[in-house]
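Data first, discussion second: the structure below is written as structure tokens.
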Amino acid sequence: MRGVAALVVVVHSTALALPSLAGQQLSPDRSSPAWWLTYTPLHLLWAGGEAVLVFFVLSGLVLALPHMRGSRPGTWAPYYRKRLVRLYVPVVVAVALTGLIVTLVPRVVDPAASWWTNAHAGPATLSVLVHDAGLLWGTGWLNSPLWSLRYEVFFSLFLPVFVVLVRQLTAPLWLSVPASLWMTAWAASAGHQLISFMFVFAVGVLLAQQLATLAAWGTRVNASRSAGLLWTALTAGGLLALLTEWWVKALVADGTLWVPLGRPGGVLGTAVLVFVVLHCPAVRRAFDRRPVQWLGTISFSLFLVHEPIVVSVATFTPATPSGLLVSLAVGLPLSLLAAVVFWWLVERPSLDLAGRVGRSGRGPAAPTVADQAVALVPDRVVPDGADLPTETLPAAVLPDAEPAGTGSVAGWSGIEEPDVEQLVTTAPAAQEPADEESAAQLAQEVLAEELLAEELPTAGRSAPDDGVTGSRSMPSTRGVRASDAGTLIAMARQLGDTVTMPPLVTSRPQRRSAPSPVPRRRAADRAEDAERAAGQQSTAAPALRPATAALALAAAPRSTGSTASSRSGRHADRTPVPATDVREGALR
């Protein structure tokens, strides 16, 4: 989703080089043919300002998501270190690159050019470049898209406040989102742009808090006989709402009302589109395609480097419709090429640096359950026959991906890579142990009871053969939660290299008031289960490596890149019914 939005921003920057289109930005002119490209749905092709609203809502959702379950000591300090490095390293390099391009291709005022192109005229002095790289004090016109990163940085700094407040919020989504939209409008009308945009981010945070509610709504729509019609109506409504500011401009003469009335509508349209992308099967498959995923990977780099390139190309082309076509034909491919180079040389190394900086302040700690699971599975491959657990919030909600084996990545501006232990999480409504260590201890205690009840081998016992595969049986995984992956890890250590694992249950989870991954049973129940154990041996499923079994419950959320994409393809035809499932790469 970010990749498409970034591409729209590139078209927006190129289109504004045409004087007639740039003039429509200031006020409607029905006598110009450009009016039809501005005040009709055709504006979606170059709706750069609305694409920024998409970025802001996605940033609020993804940044807040890892912290919705609970915070632990030391969580925020690594986050701040990683976040600042992740944002500022690419920005500083992009500003330096802008200075180099402007020096090589000087910009001068041209009466025939658009007001937007002439606004970029000016020298790239050191003081201007330093000012732009700081972000917090505003940015100039040398690389004008940087204005949005100022608000990204402020939101990143205020994220703990948003998380604390939203976690205490009990209002339903249909009340909390309209309240944030009203505050967005009020702040814009009062001239408080920073406050207004912070409430745009807040909508994303509210969506992160209510992912389970969104999933329930999506399941209800998919189960409807009119699912196709409903999804079509939601998509069309979201796209039209995204352009609310332009409808207001066309109908209201008072310019002071354009932003206060238009921005909340655009944010609402963005929220609807995020819901559609996450839960509409057809749209989700479209966004899972490789070209869209590739655009999402380089979207931040494309956002940073495209404008100096397209403005420089515009200085060599006439300010006419034919010149605009030439600028698109030359500037767009050059921008994509520069973004790919920038990704490999700057952004990707900055992601690795951010990860190292985030870990540098942590003292030695015992490995978490997720760390143990990932350590057991170096290839991180989920078998085709294994359904993923439905109660997890996978890393799929992160809109970035990276080729397998290249390391973890963080997201676009406003998107952070949560730690592994934060990704192994469940819906906010479910109750969990205080930390991963206690979860692992609880899982191992429950496992001991399971082993006794099912008469499975423990340390020092011989393992009965199941008569089919020559391997040993694993107790049912029904009800086992992702955060209790220690159960499977302990099983693997107890049972050896090969175990038999029944298919994971993918029925819709029910809310529980207490952590009960495997119910503790009375002695009578255990005796009855022990009597049935022998009869169940012949119905065992094909054997799986214990490491792969552990991954299916614990390491799946970390999957990114090509591995994640292939998994999405294998399961694309399934109709999931999870409470909080989000498909990999859907937001990219």
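The values are calculated or read from the model by the stated rules, or taken from the named source; none is laboratory data. Model, not experiment: these values are computed from the prediction. Neighbour counts run over all protein chains shown; Cβ positions are idealised from the backbone, glycine included. Heads up: the accessible areas ignore ligands, DNA and RNA and are worked out on the full protein's heavy atoms, side chains in. Shrake-Rupley method; radii C 1.70, N 1.55, O 1.52, S 1.80 Å.
Before moving on, here are some points about what is shown:
- A single member of Ala216, Ala202, Ala233 is open to solvent by 30 Å² or more (accessible area, probe 1.4 Å) and either of a type in the set (Gly, Ala, Ser) or closer than 30 Å to Arg150 by Cα (or both), and it is Ala233.
- In the condition set (1) farther than 23 Å from Leu37 by Cα; (2) in a helix (DSSP H, G or I), Gly266 is compliant with all but (1).
- The range 210-237, residues that are within 19 Å of the chain's Cα centre (by Cα), free of Cβ contacts under 8 Å to residues at least 60 places away in the same chain and assigned to a helix (DSSP H, G or I): Thr213
- Subset of the range 309-358 (residues that are over 18 Å from Ala6 (Cβ atoms), hydroxyl-bearing (Ser, Thr, Tyr), in a helix (DSSP H, G or I) and open to solvent by less than 40 Å² (accessible area, probe 1.4 Å)): Ser312
- Filter result (among the small types (Gly, Ala, Ser) and either in contact with a Gly (Cβ under 6 Å, 6 or more places away or on another chain) or under 27 Å from Leu65 (Cα atoms) (or both)) within the range 237-254: Gly237, Gly238, Ala241
- Of all the criteria given as (1) among the aliphatic types (A, V, I, L, M); (2) surrounded by 21 or more Cβ atoms within 10 Å (Cβ to Cβ); (3) closer than 28 Å to Arg285 by Cβ, the one not satisfied by Val8 is (2).
- Just one of the listed residues (Leu251, Leu257, Leu278, Leu240) is under 30 Å from Ser27 (Cβ atoms) and either at pLDDT 95 or above or open to solvent by less than 40 Å² (accessible area, probe 1.4 Å) (or both), namely Leu240.
- Any hit, the range 149-159, residues being in contact with a Phe, Trp or Tyr (Cβ under 7 Å, 6 or more places away or on another chain), touching a residue at least 40 places away in the same chain (Cβ under 8 Å) and closer than 25 Å to Trp76 by Cβ: yes
- In the condition set (1) open to solvent by less than 10 Å² (accessible area, probe 1.4 Å); (2) farther than 18 Å from Pro160 by Cα; (3) within 30 Å of the chain's Cα centre (by Cα), Gln24 is compliant with all but (3).
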